[in-house]
Amino acid sequence: MQLEPTKIKQFKGIGHKLNPIVIIGENGLTEGLINELQRALDDHELIKIKIASADRDDRKAILIEAEKALKFQTIQQIGKIALIYKAAKEPNQKLSNLHRPL
């Protein structure tokens, strides 16, 4: 699922205003965390997450593992913050960050 550069630019603009809603701690990806990430992506489609590991390689590995588990696309990663996107099967106009004004 590769997005067009214009969509990526649009998502970065929307993501600039967002705050991280899921924080991945030192325990990494637990089953509960994966469920919470899935719920957040289903509701909001475009979210920011924070990976609270001090090591850059560990953050990258956690993000890749989460991408494989949940099949989302990373739009941007800067330091400990990542902007991720997964299209909802049935977007909720009231919750989706793509369909409501921020």
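Quick notes on this one:
- Percent accessible area from carbon and sulfur atoms, the chain, protein chains only, probe 1.4 Å: 50
- With the Kirkwood sum run over all distinct C-alpha pairs, segment 11-64 has a hydrodynamic radius of 11.9 Å.
- Accessible-area ranking of Thr30, Thr6, largest first, probe 1.4 Å: Thr6, Thr30
- Taking one quarter of the surface of the convex hull spanned by the alpha-carbon atoms of segment 17-102 gives a direction-averaged projected area of 5.3 nm².
- Here segment 56-101 is treated as a sphere whose radius is the Kirkwood value from Cα pairs; by Stokes-Einstein at 25 °C and 0.890 mPa s it diffuses with a coefficient of 205 µm²/s.
- Relative packing of peptides 12-21, 58-67 - highest average C-beta neighbours within 10 Å first: 58-67, 12-21
- Of the residues Gly25, Ala61, Leu46, the one whose Cα sits farthest towards the positive end of the charge dipole of segment 15-81 is Leu46 (charges of +1 on Lys and Arg Cβ, -1 on Asp and Glu Cβ, taken about the Cα centre).
- Angle in degrees between helix 56-70 and the longest Cα principal axis of the chain, rounded to the nearest 10: 50
- Based on the convex hull around the alpha carbon atoms, segment 35-84 presents an average projected area of 3.1 nm².
The values are calculated or read from the model by the stated rules, or taken from the named source; none is laboratory data. No experiment lies behind these values; they were computed from the predicted model shown. Glycine also receives a Cβ, built like all others from the backbone with ideal geometry; neighbour counts cover every protein chain displayed. Keep in mind that these areas ignore ligands, DNA and RNA; they rest on the heavy atoms of the full protein, side chains included. Shrake-Rupley method; radii C 1.70, N 1.55, O 1.52, S 1.80 Å.
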